[in-house]
Amino acid sequence: MKIGKYEIKHPIIQGGMGVGISWDQLAGNVSLEGGLGVISAVGTGYYKNISENIHIVTKKDKPKDVLNFYSRDSLFEIFANARKICGDAPIACNVLYAINDYGRVVRDACEAGANIIITGAGLPTNMPEFTKDFPDVAIVPIVSSARALKLICKKWQRYNKLPDAIIVEGPLSGGHQGFTYEQCAQEEFQLENIIGPIIEEAKNWGNIPIIAAGGIWDKNDIDKFIKMGCTGVQMATRFIGTFECDADANFKNVLLNAKAEDIQLMKSPVGLPARGVMTNLQFSIVNKTAPKVQCVSNCVAPCNRGHEAKIVGYCIADRLGAAYKGDVETGLFFSGSNGYRIEKIISVKELMEKLTKGE
């Protein structure tokens, strides 16, 4: 699989998962084993439960304001530690478009050593603006429709740039969806049915690699989408079931103990449906016993400094931060629809062998 100037041995991207689920250990080991490891830029102020090596301004043990929640110094440390594992193998950074300070964080990731920037959670129509000083960095938007791809390519023309690859994400992925609640359940919006029109639209703009994402689990799934015309796939949730995943052991146990019916769509302060495991947090919101919502980090623009968080009943930065720390009582545990299929924790090496050899 080739993205920009970078050759990736296996056609597998490990999806970016924040806060702290895919940082140096997971991304570094995926790249070491021939996939594309992806470091999440979300919540780097929590790195190592507030890194002792880096000065992070906190309030109630939470990174305070945007500069600390998206810590440049922590991101540099994460990349440096990942490079100790994977050397000069290609490594990517996922930067959500909906975050506050998007442009600054993209530039930080480029300077930290990202070879590829991946962006979803919105239409990154000005993404090339922030990578123009880094011509070797490949840029990859995530879309859910041919219309979105067409709009991005049109907008990028003013930068004389086209996507180096396109990730097409269907509604079975973990975390935030690019669909309404109703669309997530409708057949026409499933990954198998949106891939074709997007591949056709991409042909109008050149030979752009198409990467399938959302609900992909094993080699059979990988082979299916490559036969449909994709260059590769992106998988996130299955990598949570590895020793090297940066998530706390309690986070992994939530998935190990989850049943299919526990993984559902839920409301989010971002304004999009989000998929995760129903845990004590959701019950406490209903029962009015959830932690008080008080915006400390100012993490995403759509939340409007905590206004939307108060409406849905939880702060996404705080609850993802709690999950990273292993707090099963108040944590928010995102998962794709297949998360319940994780039966045991294995190494990244073993997982990559299963995905590439089908064993």
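The values are calculated or read from the model by the stated rules, or taken from the named source; none is laboratory data. Owing to the predicted nature of the structure, the values given are computational and were not obtained by experimental measurement. All Cβ positions, glycine included, derive from the backbone under ideal geometry; neighbour counts span all protein chains shown. Only protein heavy atoms, including side chains, enter the accessible area calculation; ligands, DNA and RNA are left aside. Shrake-Rupley method; radii C 1.70, N 1.55, O 1.52, S 1.80 Å.
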query: Taking a quarter of the surface of the convex hull around the Cα atoms of region 198-258, what do you get in nm²?
result: 5.4 nm²
- prompt: Taking springs between alpha-carbon atoms closer than 10 angstrom, which of Asp318, Asp24, Asp88 fluctuates most in the Gaussian network model of the chain?
  reply: Asp88
query: Based on the inverse mean of 1/r over its pairs of different Cα atoms, what is the Kirkwood hydrodynamic radius of region 250-334, in Å?
result: 12.9 Å
query: Which is farthest toward the positive dipole end of region 1-147 among Ile91, Ser145, Leu32, measuring Cα position about the Cα centre, with Cβ charges +1 (Lys, Arg) and -1 (Asp, Glu)?
result: Ser145
task: Using a 10 angstrom cutoff on alpha carbons, build the Gaussian network for the chain and name the most mobile of Val286, Val57, Val143.
output: Val286
statement: Answer in debye to the nearest 20: the dipole magnitude of region 250-334 about its Cα centre, from +1 Lys/Arg and -1 Asp/Glu charges placed on Cβ, is 120 debye
task: Could you order peptides 256-264, 8-16, 198-206 by the average number of other Cβ atoms within 10 Å of their residues, highest first?
output: 8-16, 198-206, 256-264
task: Read through the labelled values (1) 29, 26, 20; (2) 28, 23, 21; (3) 33, 29, 17 and report the label of the one computed as semi-axes √(5λ) of the Cα gyration tensor in Å from the structure.
output: (2)
message: I'd like the FRET efficiency for Asp88 and Glu129, computed as 1/(1 + (r/R0)^6) with the beta carbon distance as r and R0 of 41 Å, rounded to 0.05.
response: 0.90
statement: If every Lys and Arg gets +1 and every Asp and Glu gets -1 at its Cβ, then about the Cα centre the chain yields a dipole, in debye to the nearest 20, of 600 debye
message: Name the residue from Asn287, Phe243, Leu191 whose Cα lies farthest towards the positive end of the charge dipole of the chain, charges +1 on Cβ of Lys and Arg and -1 on Cβ of Asp and Glu.
response: Asn287
Spherically averaged projected area of region 84-180 from its Cα convex hull (nm²): 6.9 nm²
message: Accessible area per residue for region 80-154 in Å², computed with a 1.4 Å probe and the full protein assembly in place, what is it?
response: 35 Å²
- prompt: Within the accessible area of the chain, what % is carbon and sulfur when the probe is 1.4 Å and the other protein chains stay in place?
  reply: 47 percent
message: Please report the spacing between the Cα centers of region 330-350 and region 25-79 in Å, no decimals.
response: 21 Å
task: For Lys219, list the lysines whose Cα falls under 17 Å from its own Cα; do not include residues on the same chain fewer than 8 positions away.
output: Lys9, Lys227, Lys349, Lys354, Lys357
- prompt: Which residue, Asn81, Asn160, Asn250, has the most motion in a Gaussian network model of the chain that connects Cα atoms within less than 10 Å?
  reply: Asn160
Lysines whose Cα lies under 25 Å from that of Lys64, excluding same-chain neighbours fewer than 8 positions away: Lys48, Lys267, Lys292, Lys310, Lys325
